[in-house]
1. Considering region 91-100 alone, what residues qualify as being within 24 Å of residue 115 (Cβ to Cβ) and either assigned to a helix (DSSP H, G or I) or among the hydroxyl-bearing types (Ser, Thr, Tyr) (or both)?
2. In a helix (DSSP H, G or I), modelled with pLDDT of 75 or more and not hydrophobic (A, V, I, L, M, F, W, C): is that true of residue 145 in this structure?
3. Answer with yes or no whether residue 89 is aliphatic (A, V, I, L, M) and open to solvent by less than 10 Å² (accessible area, probe 1.4 Å).
4. Evaluate the following for residue 41: is it open to solvent by less than 30 Å² (accessible area, probe 1.4 Å) and farther than 16 Å from residue 20 by Cβ?
5. Here are some conditions: (1) modelled with pLDDT of 85 or more; (2) not in a helix (DSSP H, G or I). Residue 119 meets all but one. Which one does it not meet?
6. Being in contact with a helix residue (DSSP H, G or I) (Cβ under 8 Å, 6 or more places away or on another chain), closer than 24 Å to residue 82 by Cα and at pLDDT below 75: is that true of residue 214 here?
7. Consider only pairs whose beta carbons are under 9 Å apart and that are at least six residues apart or on different chains; among these, list those whose first residue lies in region 1-21 and is open to solvent by 60 Å² or more (accessible area, probe 1.4 Å) and whose second residue is of a type in the set (A, V, I, L, M) and at pLDDT below 85.
8. Would you check which residues across region 177-190 are without any contact (Cβ under 8 Å) to a residue 24 or more places away in the chain and open to solvent by 30 Å² or more (accessible area, probe 1.4 Å) and list them?
Amino acid sequence: MRGSTGPIRILVADDQADVRSAFRMILDVQPDMAVVAEAADGVAAVEEARRLRPDVVLADIRMPRLDGLEVTRQLAGECKVIVVTTFDLDEYVHTALRHGAAGFLLKRSGPVLLVEAVRAAMAGDALISPQVTVRLLRHMAAPAGDRRAGAGPVAPAPLKAGPVEELTAREREIAELVADGATNAEIGAGLFISPGTVKNHLANVQRKLGARNRVGIAAWVWEKAAGSR
């Protein structure tokens, strides 16, 4: 987060005005965020991003003139681009991440995950919708013979070593919930702890596993489960 330098500046790019308005309402009420512009197509998104230099661009995939995947490619290295889409297709996930997306969210993921994704991007992480993460990891955990050509993107490489430190029982429980696709808010509600406490536990889990993000945590859980079969 930008801290003393001001709020996180966000550009929302989507061809649907109601979606742009909804995202603006969610983000503008956050004390550390401000929507500085909207764009109704991909070309306008790139032009506005280069003119205003926002910290984060939220880009829909299917937009006129230039799609969100190409927007992501063109803006890579200039700002953080989070792809937010209705379409849960493996080829979109794979292409977005290959082009340098700082996150991939499904619009049905809800406002909490949208806010978390923006903050994660600013922290140098990449948040992927839990539904997408679980599918990618199931593909990774499948026997090699079951991975058909074109069946989906290559999932993140599994962790080869064990934890640097052993996880506590609560940390293992939270890691397993992450692998099941639960958000921080869902984990907190299920375990009767605050989202902040969940975040602290996840930070410890990432440090102990040497994982960069939630995908790395989930990968460890799936690899551990596959090894026990």
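The values are calculated or read from the model by the stated rules, or taken from the named source; none is laboratory data. Being a predicted model, the structure only gives us computed values, none of them experimental. No Cβ is skipped: glycine too gets one built from the backbone with ideal geometry, and neighbour counts run over all protein chains shown. Keep in mind that these areas ignore ligands, DNA and RNA; they rest on the heavy atoms of the full protein, side chains included. Shrake-Rupley method; radii C 1.70, N 1.55, O 1.52, S 1.80 Å.
1. 92, 93, 96, 97
2. no
3. In short, no.
4. Working: open to solvent by less than 30 Å² (accessible area, probe 1.4 Å): yes; farther than 16 Å from residue 20 by Cβ: no.
Against the criterion (open to solvent by less than 30 Å² (accessible area, probe 1.4 Å) and farther than 16 Å from residue 20 by Cβ), residue 41 does not qualify.
5. For residue 119, the exception is condition (2).
6. yes
7. Within 9 Å, the pairs are 1/123.
8. 177, 186, 189, 190
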